[in-house]
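One structure is given here, and the rest of the page talks about it.
The values are calculated or read from the model by the stated rules, or taken from the named source; none is laboratory data. This one's a predicted model, so the numbers in the text were calculated from it and none came from an experiment. Here the Cβ positions follow ideal geometry from the backbone for every residue, glycine too, while neighbour counts run over all protein chains shown. Ligands, DNA and RNA are stripped out before the accessible areas are found, and what is left, the full protein with its side chains, is counted by its heavy atoms. Shrake-Rupley method; radii C 1.70, N 1.55, O 1.52, S 1.80 Å.
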Amino acid sequence: MDQFTINLLFVGASFALYIGIAIWARAGSTSEFYAAGRGVHPVTNGMATAADWMSAASFISMAGLIAFTGYDNSTFLMGWTGGYVLLALLLAPYLRKFGKFTVSEFIGDRFYSPTARMVAVISLLVASLTYVIGQMTGVGVAFGRFLEVSNTAGLLIGACVVFAYAVFGGMKGVTYTQVAQYVVLIMAYTIPAVFISLQLTGNPIPGLGLFGTDVESGMPLLQKLDQIVAELGFNEYTAHHGDTFNMVLFTLSLMIGTAGLPHVIMRFFTVPRVADARWSAGWALVFIALLYLTAPAVGAMARLNITEQFWPNGTSGEAVSVETIESDPAYDWMATWQQTGLLGWEDKNGDGRIQYYNDASPAMQERATSEGWEGNELTNFNRDILVLANPEIANLPSWVIGLVAAGGLAAALSTAAGLLLAISSAVSHDLIKGQLNPGISEKGELLSARIAMAVAIAVATYLGLNPPGFAAQTVALAFGLAAASIFPALMMGIFTKVNNKGAVAGMLSGLIITLIYIFLHKGWFFVPDTNSFTDADPLLGTIKSTSFGAVGAMINFAVAFTVSKMTAPIPQEIEELVESVRVPRGAGAAQDH
């Protein structure tokens, strides 16, 4: 059986399972659509939350960015994991105690202002749409490779699948679909990592193998990797080379952005009690840790395998020949990924070999001149393909490759579904029912939610065709927007007495300033070639667009407190409401408005 057929079997079986679950658990009421009827068990919710959280950025893109940068991109691990701890400790239990369906509803009621609710809706839509672009990018990469179609065709197929199970299932259907997706994605991530760790280090636990000894050379694995990449003109893998200030800001942006992401917060509205919200968060951390403790090993081992494939005789020997790439089965992965447009190479000097090195390094330029090289001949290696290509690069069995195909798609689709739920809830519950048509029937509200989700899928698909970066980089922008707008409002709503005018002014200032800074670096509305700056040469010192969310959050807090001090204090009943939310007992029942 050929690889394409095996891929189809794995992917087709997983899709049939997801759609079957969505039909079985189809939402029949607004409570089931928005909060799964508030009857989800904490362990089940923890697993669904982990799947919701571990998106295409985590599964597909993060290890690729770590692999090609090393230590400096460990910020993704630190920021996302630390942010989840913040969310679990500081927000989830209190928001569940408040007893509403959506984040925007909490902000509107706490700050006793329809305007605050609308600003929260806008902030949520901007952050969630930016986030879902990253997911659709991952969907296109995975479908493109494993169905052997173009990246664009893969993206369109993926959009149809998300539409099929997210639009009809609502939160109830998505919850149980995400449990299945978690099982698929964690197996798909860890099984290849175990195989590769055994190959390279003899240790079946990838996290331990990372700090183990390379079987072939007898050297510590990371020391060998440092040596090889340095000899090719790249930065040492384990050393810090970036700007420390930007690194701190980026980590902080990811942390507080995580704690402000509405699609993750929504999961804590689905459990029966406040205590269950805390237990859900704990279980989710356990399930998330299984992937996040494995990711650094996946990145490092993949980088070593790739480099050794291009330099099979060592970095002092000759590079791999074009003939070998075209005829050796060990290099078949290059031809299949080339078809997607995400991998490319060119024999620039006509010597019949493909030299992969850092042609921007002065030391390598000297060697290149002496040996007649004319530049790095691995002309395109999209970071988002690394995890999906990893089993093929390591020559693992065909069934493992098929499993990874299903896992990559599960990761992208699970988070896309959660984001689309957050978007549709904001439009139907907060905008239409909360403001435009308070008397809308439950059936009408469900219809509007599904229409809003369909429109969001169309917009995300269009933007996913021209994303502003790799999947994880695009997601980082969304985290920055959530950090600058939603997180401060939630924190001030629970732990301070900031009034409605302060909250609105803070959210608007944080969101607008952060959005402008991102557009200046990534292009206005992400349209290519409309940017005035780049992350390599940012507007403010060394602060990249992906790191600006922390600055936006500081602006939000400062403006909110200043305006609140200059205006009337919050009403007595709101002060009592804030106090009651912080009491760690009981949970308010969801209220319709």
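Ignoring solvent entirely, what values of log10 I(q)/I(0) come out of the Debye formula for region 492-540 at 0.13, 0.22, 0.24, 0.29 Å⁻¹ when each Cα is a single scatterer? Calculated log10 I(q)/I(0) at the listed q: -0.44, -0.73, -0.80, -1.01. Distance between the 7 Å Cα→Cβ label points at A153 and S580: 5.9 nm. Among G82, G350, G523, whose Cα projects farthest towards the positive end of the dipole of the chain, with charges put on the beta-carbon of Lys, Arg (+1) and Asp, Glu (-1)? Checked the options; the winner is G82. A 1.4 Å probe run over region 424-557, with the rest of the protein chains in place, finds 37 Å² accessible per residue. All C-alpha pair distances within region 111-213, sorted into 5 Å bins from zero, spread as 2, 11, 10, 13, 16, 14, 12, 10, 6, 3, 2, 1, 0 percent across the bins.
The alpha carbons of region 400-466 stretch over 53, 25, 14 Å along the principal axes, in descending order.
Over region 136-259, accessible surface divided per residue gives 36 Å², non-protein components excluded, 1.4 Å probe. Rounded to the nearest 20, the size of the Cβ-charge dipole of the chain about its Cα centre is 3000 debye, with Lys and Arg at +1 and Asp and Glu at -1. Its Cα gyration tensor gives region 71-119 an equivalent ellipsoid. The semi-axes, each the square root of 5 times an eigenvalue, are 30, 14, 7 Å from largest down. Among the lysines of the chain, pairs that are 8 or more positions apart or on different chains and have alpha carbons within less than 15 Å of each other number 5.
I want the local charge near M247. Using Cβ-Cβ distances under 12 Å, sum +1 for each Lys or Arg and -1 for each Asp or Glu among the other residues.
Details: positive: K544; negative: D72, D243.
Local charge sum for M247: -1.
The alpha-carbon atoms of region 237-281, seen along their principal axes, cover 47, 20, 14 angstrom, with the largest extent given first.
With N counted as the residues of region 428-507, its alpha-carbon radius of gyration over 2.2 N^0.38 Å works out to 1.45.
Of the heavy-atom accessible surface of the chain (probe 1.4 angstrom), what whole percent is carbon and sulfur? Please report the intermediate quantities before stating the final value.
Numbers: 13220 of 20900 Å².
Carbon-and-sulfur percentage of accessible area, whole number: 63.
Between E371 and D537, what is 0.36 nm times their sequence separation minus the Cα-Cα distance? Round to one decimal in nm.
56.5 nm
For region 473-593, the Kirkwood estimate of the hydrodynamic radius, built from every pair of different alpha carbons, is 15.9 Å. The calculated FRET efficiency for M554 paired with E323, based on their beta-carbon distance and R0 = 51 Å, is about 0.35.
What's the Cα-based Rg to Rh of region 265-322, Rh via Kirkwood?
Working: Rg = 21.8 Å, Rh = 15.0 Å.
Dividing the radius of gyration by the Kirkwood radius yields 1.45.
Only helical runs count toward this figure. For the chain, summing -39,500 (n - 2.57) over DSSP H runs of n ≥ 4 and dividing by all residues gives -21500 deg cm²/dmol at 222 nm. Less than 5 angstrom separates the built amide H of Y357 from those of E377, L378, all sequence-distant by 5 or more or on a different chain. Percent of Cα pairs in region 342-382 per distance bin of 5 Å, from zero to the largest separation: 6, 27, 30, 23, 11, 3, 0.
P(r) tail for region 222-316: Cα pairs beyond 21 Å make up 57% of the total. Using only alpha carbons, region 288-352 has a radius of gyration to Kirkwood radius ratio (Rg to Rh) of 1.07. Rg over Rh for region 92-148 works out to 1.25, both radii taken from alpha-carbon positions and Rh defined as the Kirkwood radius.
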